[in-house]
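The numbers here are math on the coordinates, done by the rules we state, and not lab data. Note that this is a predicted model, so its numbers are computed, not measured. Neighbour counts are summed over all protein chains in view; Cβ atoms, including those assigned to glycine, are modelled from backbone coordinates with ideal geometry.
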Amino acid sequence: MMNVVKTFFIGIIWLLTLTVQGQSLCYDDDPARFIPEKLVDFMHIEAHISIDVSNKQVDGKVLFQFMEIRNDVDSVVLLAPGFIIKAVSVDSNQVIWYLTDQHLVVKLPRKRNSKKMHTLEISYAVKPESDLYFIGWDDSTHTKRKQIWAHRPYGWLPFANDRLTMDLYFTFNQKYQVFSNGERKSVVSNNDGTKTWHYQLAKEHPFFSTALIIGDYNWKEFIASTGVPVELWYYPDQAGDLNSTYMFMDEMMSFCETEFGVPYPYANYRQAPVADYLYAGMETTTSTVFGDFLHIDGRAFWERNYVNVNIHELSHNWFGNDISHLRGKDVWLTESFATYYAKLFERSVFGENYYQWERQKEYQRVMKAADNDQFAVGSSKGGVERWYPKGSLVLDMLKDEMGDENFKKAITQYLKDNQSSEVWTADFQKAIYESTGMSMDWFFDQWIERGGEPHYRIQYEDNGVGLLVKIEQIQEVTPTRPLFRAKLNFEVGYVDGSRRTYSFQNEQQEQLIIIPKEMPILYLLFDQLLNTPKMIDRYRALLDLKDISIVEKREVYLLAESKNSFHLIKEEILKQLATDTADESIAIFRKALQSDDVLVRRAALQFAGKNHKQLIAEISNCLTDTSYSNIIAALKKLAEIDPDNINSYLKITEKEKGFPGLNVRITWLQLAISSGKKKYLTELKDYTSNRFDFKTRINAIEALANLKHFDDQLGHNLLEAAFYWNFRLSQIAVKSLKEYSQIDERGKKIKELILQSDQSDVAKQKLLDQLR
């Protein structure tokens, strides 16, 4: 253990060490392994909320019902940043209370019945600095949608991290619709031009999973084939996009109930898009919130559709809401499951090749993250790449180890045993054992509690009897990351076209195995490319060939292209043949540009170059493509290889807007301006203003940066964007300002604009520091 002590003190890695029967077990330390303490049990909240748009203020009265858990409770603490407290009482009695920077502390009466249910009543006002967002209300041109939304209760409701039931009453202008959690019990018109909306969630849920949306919406109601009432909210001006946005909604409900073996846990389900959303979606209980850049038309389906996010967030109503994780290190129980089942659903509607492609992307993300650190899936430090893609792949492996039937039995038992409760990883392990009798402790220790991945060196030779295979684990072995135990599969193809799979358990640093030689074996990589049955294996074979000269592989690629239909294979072939001027390779590009597959056409447009000028007609046909991204790619490619005719290409596409973020129009404007049409600068600069959604603003900012254009109007818009709460927009604005600041006269102007802004001195200095 001397090396462990040494690394502990020099601060490279902190270790938690357990000694069992003389053996030291070492794990990366995780402060979030501790269960948080709990003094009181919040049972119910009743909230009455009204919102003053002109002052961006929330006025509220909330009543919490709670029970004391311990006999040493003297106060209740709630998150309440920036709250102005008007009155506080407990069981109708005034009490002592005070505010810290972030919290409201309520002292409980000394004389009270600690065994009964208490009622805490709080009246307050607050102007939320974050978490509740006011959008479009300052736009006098009425271009931007007017919305108020929050996907968490922080900052506008007094918050305690607990599970509870809810009655929420929202009073707002009657012109707008109000969206929240649970069943909508009533909508009452008031005499002052407002309505009061009452939402009730009668089954307890994690309080943090509470939403509020106010805006101009309609919704479609239907009863899912499982019997669950569903509401699909949409913008009235985008009613025609309902089906393309919410595609497969009914199938998702059926999939989840069938796959999980447990009915949908709540009384209803609804979804709504919101403007300038920070993420893709959020699983607030019964009521998913998602970015309106996923509220798409049929053509935008091929840019980024809502299917994966939709099923991911729906799954969270089982994994995350009905069952919520107890500790910070158990986040994977929420996110890994939702990611895994979203991938399985996509396989059911898009096919096996699509599923393997998704797994390949997950693998690439995991290995990229491994270059930075080695945190575990079951760690609060694991981050997005461990909780989502790696956790999803780990569940793939767990099912492989257990078998489909046992895995599904364990999932159903886990969900049934832990309904309406908080869990930690051991609860899932317990469900596996009780439902199947299998102890998978070694698997959880290796793949959940510890980080890292095994790396193998495989060598083999034909010894006449069979293939002698040498397997080596070559990753660094440490006390926190010992050797891996893994089942390795070898698929062997024989000369008669048959294949067999051999599985071996590996848990040694070096291991020799023999694969029987039943007949001559084909181990030529080209054979693997042409004949292996799994698309993803053929794709990986292509990647192995990327450094082989085109002359050596052209013939086999021509044959492989004709025998493979999935776009990923064709894309890699096009990429590797992009510089080849042979007629056969040009013919492959021509065929791809005329393909019925949107993604094959996109790949051809991406990799075509100046040696493909004879394909200008085929590329031009893509200017009217069913995919917006393909139109953009065609425009850019034609501007590159046929600049003399750019005006004719702009003429064909001048009425296209694109989605999301006016992506076609902004590309069009950039190309028009770069070809000398300076009059379009006004329109392009306007798209950087706060009248438009963040995707449009980002696209316009990047287009102007490519044009290297800067003036006072753009400077003001960039400055407003840099201070905006949406981090995706602010990061791009700061990056652009920093690039412009490298030019002396522009840098001086930008500094002047920052100092003249109405932001706080702290915010100004922070931005100036970022631009250095």
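Here are a few things to note about the model shown:
- When its C-alpha radius of gyration is set against 2.2 N^0.38 Å (N residues), the stretch 486-626 gives a value of 1.30.
- For His455, distant residues with modelled amide H under 5 Å away: Ile474, Gln475
- Taking amide H as placed 1.01 Å from N in the peptide plane, the amide H of Asp28 sits under 5 Å from that of Leu16, each at least 5 places away or on another chain.
- When its C-alpha radius of gyration is set against 2.2 N^0.38 Å (N residues), the stretch 58-172 gives a value of 1.25.
- Here the chain is scanned for GluC sites (Glu not before Pro) in DSSP loops (not H, G, I, E, B) that have at most 12 other Cβ atoms within 10 Å, and the longest stretch holding none of them is 130-475.
- Derived scalar couplings ³J(HN,Hα) [the stretch 681-693; Karplus, 6.51 cos²θ - 1.76 cosθ + 1.60; whole Hz; x for Gly, Pro]: 4, 4, 5, 5, 5, 4, 5, 8, 7, 6, 6, 10, 5
- Placing +1 on the Cβ of every Lys and Arg and -1 on the Cβ of every Asp and Glu, with nothing else charged, gives the stretch 606-690 a dipole about its Cα centre of roughly 220 debye.
- Computed magnitude of the charge dipole of the chain (debye, nearest 20; Cβ of K, R +1, Cβ of D, E -1): 1440 debye
- Shown here are the Rg and Dmax of the Cα trace of the stretch 115-250, at 16.9, 58 Å.
- Sequence-ordered 3J(HN,Hα) estimates for the stretch 426-440 from the Karplus curve with 6.51, -1.76 and 1.60 and θ = phi - 60° stand at 4, 5, 5, 4, 5, 5, 4, 5, 6, 8, 10, x, 8, 9, 9 Hz, glycine and proline given as x.
- Across Lys610/Lys636; Lys144/Lys738; Lys56/Lys685; Lys220/Lys695, pairs whose alpha-carbon gap is larger than 21 Å: Lys144/Lys738; Lys56/Lys685; Lys220/Lys695
- For the stretch 161-223, chymotrypsin sites (Phe, Trp or Tyr not before Pro) are listed when DSSP marks them as loop and at most 13 other Cβ atoms sit within 10 Å of their Cβ; the list is empty.
- In whole angstrom, the chain maps to an equivalent ellipsoid with semi-axes of 46, 40, 26, each derived as √(5λ) from the alpha carbon gyration tensor and ordered largest first.
- Shown in residue order for the stretch 636-647 are the 3J(HN,Hα) couplings computed by the Karplus curve 6.51 cos²θ - 1.76 cosθ + 1.60 at θ = phi - 60°: 5, 5, 5, 5, 7, 9, 9, x, 5, 10, 4, 4 Hz (x for Gly and Pro).
- Extreme residue, positive dipole direction of the stretch 576-643, given options Asn621, Leu635, Leu599 (C-beta unit charges): Leu635
- Reciprocal mean inverse distance between Cα atoms of the stretch 607-728 - Kirkwood radius, Å: 15.1 Å
- Loop-located trypsin sites (Lys or Arg not before Pro) in the stretch 85-167 (DSSP state not H, G, I, E or B) with no more than 10 neighbouring Cβ atoms inside 10 Å: Arg110, Lys111, Lys115, Lys116.
- Efficiency of FRET from Cβ geometry, Thr226 and Glu453, R₀ 51 Å, rounded to 0.05: 0.85
- Annotation: amide H of Ala224 within the under-5 Å range of Val230, sequence separation 5 or more or interchain, hydrogens built in the peptide plane.
- All Cα-Cα distances of the stretch 197-324, cut into 5 Å bins from zero to the largest, leave 2, 11, 21, 25, 21, 13, 5, 1, 0 percent in each bin in turn.
- Inverse of mean 1/r across different Cα pairs in the stretch 340-392, Kirkwood, Å: 11.6 Å
- A dipole drawn for the chain from +1 and -1 charges on Cβ atoms has a positive end, and of Ile432, Phe694, Ile754 the residue lying farthest that way is Ile754.
- Where the alpha-carbon atoms of the stretch 375-487 are placed on the principal axes, they occupy 59, 33, 23 Å, in descending order.
- The residue list Thr334, Gln713, Asn406 was ranked by how far each Cα lies along the charge dipole of the chain toward its positive end, using unit charges on Cβ atoms, and Gln713 comes out on top.
- In loop segments of the stretch 640-672 as defined by DSSP, the trypsin sites (Lys or Arg not before Pro) with at most 10 further C-beta atoms inside 10 Å of their C-beta are Lys655.
- Computed from label points 7 Å out along Cα-Cβ, the spacing between Asn489 and Asn621 is 3.9 nm.
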